[in-house]
Structure formats: structure tokens, C-alpha cells
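Visitor: Once you've had a glance at the structure underneath, I'll fire off some questions.
The values are calculated or read from the model by the stated rules, or taken from the named source; none is laboratory data. The structure displayed is predicted, hence computed values, not measured ones. Using ideal geometry, Cβ is built from the backbone for each residue, glycine included, and neighbour counts are taken over all protein chains shown.
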Amino acid sequence: MVDALLETKLLRPRPRRGTVPRRRLASLLARADEAPVTLVSAPAGFGKTTLVESWLRPGDRPVAWVSLDEGDRRLTSFMSYVLTALDRTVPGSAGAALTLWRSGQAPAETMLAGVLNELSVHDGDLTLVLDDYHLADGPEVAEVLAFVVDHLPPQLHLVLSTRSDPALPLPRLRARGELVEIRAADLRFDGDEVAAYLNDLHDLDLPAAAVAALETRTEGWVTALQLAVLSLRDRADPQRFIDRFTGDARFVVDYLVEEVLHRQPDDVRRFLLDTSVLERLTASLCDALSDQPGRGLSMLEQLERDNLFVVPLDEHRSWFRYHHLFADVLRAHLRRERPGDIPELHRRASRWFAQEGAVEAAVRHALAAGDDATAAELAEEAIPDLRRRRREDVILRWVDDLPAGVVRDRPVLAIGLVGGLMASNDFAGVEARLTDVEAMLARPASELVVVDPGELASVPARVEMYRAALALVSGDPAATISHAHRAIAAAPAGDHLSLAAASGLAGLASWATGDIVTAHESYVVCAAGLERADHIADVLGCSLTIADLELALGRLGDADRTLRRALDLARRRGSDGEVLRGTADMLVALSRVAWHRDDLPAAAELLRRADALGESAGLPQNPYRWRVAMARLRAAERDWPAALELINDAERVYVGDFSPPVHPVHATRARMLAASGDLALARSWVREHGVAAGDDLSYLREYEHVTLARILLAGQRATGETGSLHEAIVLLDRLLDGAEAGGRGGTVIEIEVLRALAHHSAGADQPALAALERAVDLAEPDGWLRFFLEPGPGMGELLGDLARRRPDSELVVRLLERRADGILPREVTREARGTLPDPLSERELDVLRLLGSDLGGPAIARELFVSLNTVRTHTRHIYTKLGVNNRRAAISRAHQLGLLTRTAR
Amino acid sequence: MSTAHEPDRVEIRLRGHLDERWSSWFDGLTVELEADGVTLLRGRVADQSALHGLLARLRDLGIPLISVAVVPVPSQQSRTRGTQP
């Protein structure tokens, strides 16, 4: 119920009954229709929201509406709402950015650039309304909004309604004529409008002098006029009221609210004051607060009917709020008249929200009631569930809100707050908090306050776990591992999450030092713990790493099983046909297993299935991983232009994560360049990345050094120069030592194949054959094939020799068969490509290719010498024909269908 | 405005008379009514952020602001200020 309440922030406000048409503002609003930015800036109660709503309602332009509140000063919250609103208005435009944002792995500007780029080719304009922007305006949000304003595509119109001018470069916008401003002077009702409001709309039938007096006294402030109407309604002698009102020097709203309250029956007046402590009202909540239970519903209906400043928040009219200005005055009355009742009202609200499971509001009201202990207890109880649901943003708020005094005796709460800080990368002060927690644990148990004693048992393990995380962040793997081991030793039986987290940290640290045997063991423990703790989405992420390590370790069959098991888990745990995020990543990883086994049709089919699941099934890294996998497939087919186009695209959409980048995309690209015969570009990669045969070798750069060896061999094949051959042999020998010492069986197979070729080229057939024989022995059990098929001439001769020596080797027989087929027929996977029922036109293919670049809509238009509108129309046709709704999906579908290959230069 | 812990005295003038009940709303500032419908809020605020919070509350009430004056409270530190360059 209360989560649904957040939805109300994205609803357009309902049209208000009875508004005066603002014809006076027509020309201003007509300019605003075209303006990039419209600023509606005026004090409270000037009818900003009503104006924007009634201005945009009749238009056919879609509107993304966000009603901001105080919580949106935090960028996390602000971005989530804005991206959700945009994606609902233009489906596909911001979904991927939202995932990336929630994963905390990219800065706001990077993601927004992608969203704005998408909107820049969207066929149709849209308006983004940020209502009550003053509530969110702060340094973080302002910086992001300034970026949006600077990069606004022509299709997007931004409307801000605010009580204070925003921290944006307004003078620059004014100078460029990109800003329309609607301010208090414009919003104020003039004489005619006041007359229309009082006499036409509310039938008060006042004489011109009375209208003029009210206009002067209220200065055309619509809220004051509204209150005046409430005071005048059903009055026997309106003139007397007007005379008194205009003769009084009091602040207009103060005077009028008192008037209005004075005229209410006692029970209504009491209800208004009681419920003024609430930010949002619903019948049962009002009942919980009042001494007259059961009246909530009828009372809210009556208030709405009487126009008493209640604003409905949802379609069903179950939630309302008071008009802000009215609520402020009510609260001031409550403070003055019944200050002693305020804590009890908040206490009752807190209890109601706690029962409804809305812990955030419950804690807020408990704090307002002065019940710090209750607030602390509610927070402590809620934290485990918030952690599971990845709602650390809520926990983070409590770090600021809960008084230090109440945390001092609560070790479980204190460690929970640390969890919130860690999840938001806020590491400063964490160590001091951990020391405090340890000091608490040293005190007698009778002095401590703990809600769930079971949670207390986990605190020592969690202290060490967070220390391990701090050490990892500061780049100290040795300390990470030792703290993680202490955490594992301290974790009580059944605390799967602490065990999993500490093992994961130890695994990451081991991986970073190149000890992948230990890293693998740690990750397996981590995944099992996560599964027992029911964190299924994290099990998927963890399985990817495990499979990656298994490939490096030479355990191809195990990698296959790990991924299939995770896939099966995702299928069983995905609820109501919803595909669990990470499922697509499993399929992409499995395609790599199939590629290693040279089952290219299966690899292609897996990639097709991953693509068909859509963006919501993938982790933020999936777009680039999918492209790398598809590039490998095309390279296996010797379709070099497609392979290179894909790998360039992969670099463009690359998103890192916490893992060490042991297979950098640029190195994969260099391998493809070398294999395709483009030695010049491959060698420029060597120079750019400073990869040298004489480097100190380490696991972290092993992939790059093997790439260098491949380039040296390719150079020797092309030119016959023996210098680079010798260099390659020395490098490969050293790499082999390292891979063997590290237990990296997968790498050993690859290196032995390359050594066999190198020695063969050097005319040393015995060592060549020995190396190949060793590679075959290692590859045979799990069926590694691809490493033997990639390198160039010489392999056929060597395999023939080996076949005589090892007539019983099935692997050698299979490899010889493949080579007899002419290495590989081109496009063996064409059947998996499919065709379009309605093919793209040549022009659409031109646009499609540019959609794969970083160019925005206007730049694409310039490139093709057409108008932006033409680009937009083509884009819409392309999306429809490909069955996608954004650029990234269009490009991957195009690669899938081989469209870019056929048009490649 | 001093950055020391000494609270500052503020005098805020508003257009329109405010009822005395607003005193607690505005952190206990006294509400004094002057001629010509001007309200004077007077008292101490803890620091700059308290002052900004106060101004935001006035903004949210929509009451027109005429002037804001901050009068430093004389303290030992401020008395020696003259000797600093």
C-alpha cells in the first residue's frame, strides 16, 4: 500500500475542478510550448501546479511528471524517479540507465548522456515536469540538472515549478532565448480574473467595489482568494466580512485560515489539527490518530467536497495531502493550542505505519514524537529486510536521523548503519564506527539493547567483514584476506550472509593477486552462502565469476555445469514468469563455453536467446559481454568486418564492475586484428598499451601478453622475420611457467598450442610436437577445440604428425575433420540469424549504422544531410521493423541478424 | 556572521502582521508587530543553517520578506577581532 504511494509521485495531478481560464497567459504559454526550458517560479499557493497541469493537459505531447519531495535532494532518489518517469513515457529510453544507476556502477552524467542520446532520435517530443523542484534543489541534483539542460535534445522540454529559483545557469539560458519564465507577477490574478473567480466560478455575486477590495487585499494570490471564498460562502453579510478583512493588517493567509477554522464545527476543526502532523492522509490512518475513530473516511470526503485544501494523491482517492500552505498554518495552530498533544499524535502515526510495514514513515514519526528508543528499535528490526531488498538508501538516511545517544548502546543497529554507509561507498568514518561497535561488545550484555539476540551473534563477524571491505577498497589484498578469514571464523552457524560476504571479499582479493585457485574456492563458498540466504540475484553474479575462473583453470566441463545450475536456479526462483536479472548473462557465458568447444551453432543460439530476453534480463555488463561473445563468433566464421564492428561497439558500451579486468576488450580486439591480417593496427595496440615481451609477467596482464605472442607469431608468418619468432618463443616459455605455477590449465592449453606453432615455424619439429601433444592431452577430457582452430598454417601438418603418434586420440581425429572442411565454412551460423519479414531500406541501414555511434539525433541528421525529423521517422521505422525500443537494442538485434555485416564497408 | 558557537541575533521584517502563535514555529523568535502592517521576528538562531531553515519556512508560508539583519552577539573573540589584519 505504501510502496504504491510512491507511485503517486509519478502521476500527473488530477485536473482541478473549477479553475479560471488564464487567457492572459496564453501567449506566454504558447512560447513555453516551444521553449527548451520553462521555469514557473513563485511563492507557495500561486497555482503553479494547476497552471502547468492545465497548460499541458490538452496537448498531445507525452508528459513525464515527477512530484518531488524532500527525499529527492538525495541524488539516488531523484535519479530513480526521473529515469522511471522518462522510461514510462518513452519506453526503452531509460530502463537500462536505471539498472545501471541502481547498481551504483556509473556516474549520473554517463547514464544521462545515454538517455538524452536515445531521446535525441525519438520520434516525437515530450515534456519532463519537475514539480516542487525547490524541495530537491541542492548541489548534487543541481549539477545533474545543469548537465541535462546543457545537453537537452530538441525533442525534450523541461518544465520546473519551484518556490525558489533553481541553481541553474539561468542568465545564459535567458541570453540564448532558451528560457520562458512564468513568475508571481504573471500568476497573480488580475481584476477580471478575480471577478471571474469569485462571481462566475463561485457565484458569490459580489459588487465591483468588493471584488476590487479583495483583489487589493489578496494581491491576486489564488490561495488567499480560495480561503476568502470559504469564508464568504453562506455568509449573510459578506460586505461586513470584506470590510473587516481589508481593514486588518494581518498576514492575509493567517487571517483567512483563522476565519475558515473558526467557521468549522468543533469536530472538523479538531480533525484538521490532529491530522496536520501527517504528510499524507488516508482514512484508517486518520482514524488511528483521532479520538473519534471510524470518522476518517467521511471526514476526508467532506473536506474534499468543501474544498478544504485536501489534494487527492491517487486515482482511487484513498490518499490525500493538505495543501502545503494550509498544513503549515494548521500546524502552527496545533502548536499554539495543544502543544502537549503533538508527541502522542506522532506516536499514533508511528504505530500505524509500523503495522502497515512502512518502516520509514514509522521511524520518522517516532523521532518527531521524541521516542528515539522506539525509532531505533523499528530501524534495527527493519534493517535485515532492507539489506535483502537492496534498500540501503533508507538505512543511509537513518545514519543522519537517529541521534547518536540511541545508537550508543545498540551494537546491532550500529553495525546495520555501517552496512548502509558501505553500500553507498561512504567509507569515511566507518573504521571509527567499527571501533565503537567493538567497544560496545566488550561491555556487559546487560548494558546493551538488542532486538534480536540472533543478530547480536553476527556482529563480530560483520565488523571484520566490513574491515575486509575497507581494506579491499584501499587496495590492500593481504589485509582483505586476513580480515575476511577472521570474519569467516567469527560467523555463527546459520549466518550465511556474513559467511558469503566475507568469502566473496576474500575471493576478490585472491583473484586480484592472481591466486585463482584460492579465489575459486572462496567464490564457491560465497555462492553457496548466498543461495542459502536466498540472495538469488547475487548467486547469478557470483556464478559468472566462478565459471570465468573455471575456464582459466582449464575446467571447461565445470564451467558449463556451474552456469547451467545457475540458469536452472534463476528459472526456478524467477517469480510469475518474470525473468530474473542476470539470466541473460548466464546464456552469454554459456555461449563462450560452446565457442571453446567449437559448437558455433549452439553458441549463436545461446546469444540469440539472451538477446530475445531483453535488457531487463541482463546485468549492467551484459551489453558489452554479449557483443564480445558475438564478435568471437563472427571471428570464428572469419567474418572480420562484423567481428571488428562488434568489438568496437563492445568497447563503446563497456561498463566495469568490481572484478579485475583480466580480459580487456581492447586486447580481444587486438587478437582479432592480428588474426584478420591487420598487423599494423595490431602493432599499434602493442604500442598504445605498452605491452612488451620483456615485461614482468603477472596473471592480471596474462591475457595481454598472450595477445602479444599471437601478434608476434602473426608478424613472423607475414614477413618471415625470425627475430619476432624468437621473441615469441621466449615470451611463451615464460608465460607457460607462470600459468603452470598458478594452476591455470586453460591458459596452459592455449600457450602450448602457440608454442607448438612457434617451434614449428622455427623448424624445431620435436619440441613443436611435444607441445601440441601436451595441449591435446589437457584438452581431450573436456573437449577444448577452439584454441587449436584459430592459429594459421602449420597446424594441419602438426596434427597429421600427431595423429600418427596418437591414433587413439578422438580429439585429434575431430580436429583433423574440421580442418578437412576447409578450416571453417563462412557463416555456419547463418541459420541462427533469421531474416526480417519487412527488410530495412538502404537509408534506414545508413541511419541504423549511425545509431550505433555516440552521435545524437541532430549530428546524425547533419551526417546524412537530412532533417532531424527524417532521422526521427527512420528511427521509428527501424525500431518497429526490428521489434525494439531503443538504440542499443536495435544495434544488438542488427548484429544478431547480420544486418551490419552485409552493409559493412 | 561569526562561525564560533555563539548564536547570532537576527531581526527579520515581514510584510503583514503575524499572530503570536507563530513564535514556536519560528524557533522561539519573538513576534513583534510594527506600524504599517510590518512584523518583526527577533531572537537568536544557532547558526547559518538554522537561519536558512528559518528563511525556507518563511518562503513556504508565502509571506513577503522585507529585510533580514544579523547582529553578531558581542563575545570575547569578536572584541579582539579589531586587532587582526
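One line per residue, one yes/no per condition, for (1) crowded, with 22+ Cβ neighbours inside 10 Å; (2) charged (D, E, K, R):
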residue: A:GLU356; (1), (2): no, yes
residue: A:GLY370; (1), (2): no, no
residue: A:ALA375; (1), (2): yes, no
residue: A:ARG391; (1), (2): no, yes
residue: A:VAL394; (1), (2): no, no
residue: A:GLY416; (1), (2): yes, no
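Visitor: Right, another one. Taking the stretch A:204-226 only, how many residues are within 14 Å of chain B (Cβ to nearest Cβ), part of a helix (DSSP H, G or I) and small (Gly, Ala, Ser)?
Guide: So the count comes out to 1.
A quick yes/no check of all residues on (1) assigned by TED's automatic domain parsing to the domain that holds A:SER93; (2) among the small types (Gly, Ala, Ser):
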| residue | (1), (2) |
| --- | --- |
| A:HIS134 | yes, no |
| A:VAL141 | yes, no |
| A:HIS202 | no, no |
| A:ALA208 | no, yes |
| A:LEU232 | no, no |
| A:ARG240 | no, no |
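Visitor: On the given criteria, is B:ASP36 surrounded by fewer than 14 Cβ atoms within 10 Å (Cβ to Cβ), at the interface with chain A (Cβ under 9 Å from one of its Cβ atoms) and under 23 Å from A:PHE245 (Cβ atoms)?
Guide: yes
Visitor: Which of the following residues is of a type in the set (A, V, I, L, M), part of a loop (DSSP other than H, G, I, E, B) and in the same structural domain as A:PRO641 (by TED's automatic domain parsing): A:ALA670, A:ALA693?
Guide: Matching residue, one of A:ALA670, A:ALA693: A:ALA693.
Visitor: Return yes when A:VAL229 is buried (at least 17 other Cβ atoms within 10 Å of the Cβ), within 14 Å of chain B (Cβ to nearest Cβ), part of a helix (DSSP H, G or I) and in contact (Cβ under 8 Å) with a residue 24 or more places away in the chain and no when it is not.
Guide: no
Visitor: If you check A:LEU300, A:LEU308, A:LEU273, which single one turns out to be part of a helix (DSSP H, G or I), more than 14 Å from every other protein chain (Cβ to nearest Cβ) and in contact with a helix residue (DSSP H, G or I) (Cβ under 8 Å, 6 or more places away or on another chain)?
Guide: A:LEU300 is the lone residue from the list that is part of a helix (DSSP H, G or I), more than 14 Å from every other protein chain (Cβ to nearest Cβ) and in contact with a helix residue (DSSP H, G or I) (Cβ under 8 Å, 6 or more places away or on another chain).
Visitor: Then there's this: Pick from A:GLY507, A:GLY541: which is free of Cβ contacts under 8 Å to residues at least 60 places away in the same chain, in contact with a helix residue (DSSP H, G or I) (Cβ under 9 Å, 6 or more places away or on another chain), part of a helix (DSSP H, G or I) and not assigned by TED's automatic domain parsing to the domain that holds A:LEU897?
Guide: Exactly one of A:GLY507, A:GLY541 is free of Cβ contacts under 8 Å to residues at least 60 places away in the same chain, in contact with a helix residue (DSSP H, G or I) (Cβ under 9 Å, 6 or more places away or on another chain), part of a helix (DSSP H, G or I) and not assigned by TED's automatic domain parsing to the domain that holds A:LEU897, namely A:GLY507.
Visitor: If you don't mind, another one. Please find, within the stretch A:644-678, the residue that is farthest from A:ARG701 (Cα to Cα) out of those that are of a type in the set (D, E, K, R) and at pLDDT below 95.
Guide: A:GLU645
Visitor: Here are the criteria: (1) on the phi > 0 side of the Ramachandran plot; (2) buried (at least 17 other Cβ atoms within 10 Å of the Cβ); (3) more than 14 Å from chain B (Cβ to nearest Cβ). Tell me which single one A:ALA349 does not satisfy.
Guide: Among (1) on the phi > 0 side of the Ramachandran plot; (2) buried (at least 17 other Cβ atoms within 10 Å of the Cβ); (3) more than 14 Å from chain B (Cβ to nearest Cβ), A:ALA349 violates only (1).
Visitor: Taking A:SER80 and the conditions (1) touching a residue at least 60 places away in the same chain (Cβ under 8 Å); (2) surrounded by fewer than 20 Cβ atoms within 10 Å (Cβ to Cβ); (3) closer than 22 Å to A:ARG397 by Cβ, which numbered condition does it fall short on, given that it satisfies the others?
Guide: (1)
Visitor: When you go through (1) in a loop (DSSP other than H, G, I, E, B); (2) at pLDDT below 85; (3) within 14 Å of chain A (Cβ to nearest Cβ) one by one for B:ALA4, which number turns out not to apply?
Guide: (3)
Visitor: Here is a further query. Would you pick out the residues in the stretch A:56-77 that are of a type in the set (D, E, K, R), part of a helix (DSSP H, G or I) and surrounded by fewer than 21 Cβ atoms within 10 Å (Cβ to Cβ)?
Guide: Listed by number, the residues that qualify are A:GLU70, A:ARG73.
Visitor: Next question. In this structure, is A:ARG638 of a type outside the set (Phe, Trp, Tyr), in a loop (DSSP other than H, G, I, E, B) and in contact (Cβ under 8 Å) with a residue 12 or more places away in the chain?
Guide: yes
Visitor: Can you report the number of residues in the stretch A:311-345 which are buried (at least 21 other Cβ atoms within 10 Å of the Cβ), more than 14 Å from chain B (Cβ to nearest Cβ) and touching an Asp or Glu at 6+ places or on another chain (Cβ under 8 Å)?
Guide: Residues flagged as buried (at least 21 other Cβ atoms within 10 Å of the Cβ), more than 14 Å from chain B (Cβ to nearest Cβ) and touching an Asp or Glu at 6+ places or on another chain (Cβ under 8 Å) within the stretch A:311-345 amount to 2.
Visitor: Quick check: is even one residue across the stretch B:8-26 more than 12 Å from chain A (Cβ to nearest Cβ) and at pLDDT below 85?
Guide: Yes: one or more hits.
Visitor: Turning to a different aspect of this structure: Hey, A:SER474 hits all of (1) among the hydroxyl-bearing types (Ser, Thr, Tyr); (2) in contact (Cβ under 8 Å) with a residue 40 or more places away in the chain; (3) closer than 21 Å to A:ALA506 by Cβ but one; which does it fall short on?
Guide: Here A:SER474 meets the rest and fails (2).
Visitor: Looking at the structure I just gave you, is A:THR218 out of contact with any Ser or Thr (no Cβ under 9 Å at 6 or more places or on another chain) and surrounded by 20 or more Cβ atoms within 10 Å (Cβ to Cβ)?
Guide: Yes.
Visitor: Report, by residue number, each residue of the stretch A:178-207 that is in contact with a strand residue (DSSP E or B) (Cβ under 6 Å, 6 or more places away or on another chain), buried (at least 17 other Cβ atoms within 10 Å of the Cβ) and not aliphatic (A, V, I, L, M).
Guide: Result: A:GLU181, single match.
Visitor: In the stretch A:30-55, which residue that is surrounded by 21 or more Cβ atoms within 10 Å (Cβ to Cβ) and in a helix (DSSP H, G or I) is nearest to the other protein chains (Cβ to nearest Cβ)?
Guide: A:LYS48
Visitor: Which one of A:LEU170, A:LEU179, A:LEU272 is within 41 Å of the chain's Cα centre (by Cα) and within 26 Å of A:GLU337 (Cβ to Cβ)?
Guide: A:LEU272
Visitor: Do we find that B:LEU55 is among the aliphatic types (A, V, I, L, M), more than 8 Å from chain A (Cβ to nearest Cβ), assigned to a strand (DSSP E or B) and closer than 18 Å to A:VAL253 by Cβ in this structure?
Guide: No, not satisfied.
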